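Before any comments, here is the structure.
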Amino acid sequence: MSLDRVSTVTLVLLTLLTVALVASSAVLRSAAEGLLVAVDTARGVGSGNVASGYDLWVGDQLAADLPPSDLDARRERAVQLAHRGDRLREAAGATGLLALIVAMLSGQPLPAADERRATHQLEANTTSNGSV
């Protein structure tokens, strides 16, 4: 397998991993927001935050092991989910940076760019008569 092929496969895998990490982070943050809004609503506290039905559903799925009446535990789970979502987003940033480094190190200049550079080279004017 050539170096070009290995670098292309590596770059595609790192890109897919980055997308998966960002998507997972978004799901965890959505679940955390849904849980926080549900807890605030159950306590009768108007937090001003609004959660979609999806946020509430995902939050309920990720807190299914907790009793609905244990609001403190559900709030703690929301904080944990938000924290994990942040860590996943940081990991996605590092993975994206690694993919950029792989792309930069394995990339080669385009032949068309070399041709353009060659045609735009300044040449000395050899037809002058010596006067300025």
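Laboratory data are not the source of any read-out in this text; all were calculated from the coordinates shown. All values derive from a computational prediction rather than experimental measurement. All Cβ positions, even for glycine, are placed from backbone atoms using ideal geometry, and neighbour counts span all protein chains on display.
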Item to complete: Return an integer: the convex hull volume of the alpha-carbon atoms of the stretch 3-119, in Å³ per residue.
Response: 140
Item to complete: Could you calculate the FRET efficiency of V50 with E90 from 1/(1 + (r/R0)^6), where r is the beta carbon distance between them and R0 is 22 Å, rounded to 0.05?
Response: 0.25
Practice prompt. Starting from the Cα of H83, move 7 Å in the Cα-to-Cβ direction to define the label point; list residues of the stretch 16-45 whose amide nitrogen is under 15 Å from there.
Written response: 29, 32
Worksheet entry | Computed label-point distance, nm, for sites T41 and L3 using a 7 Å Cα→Cβ extension | 5.8
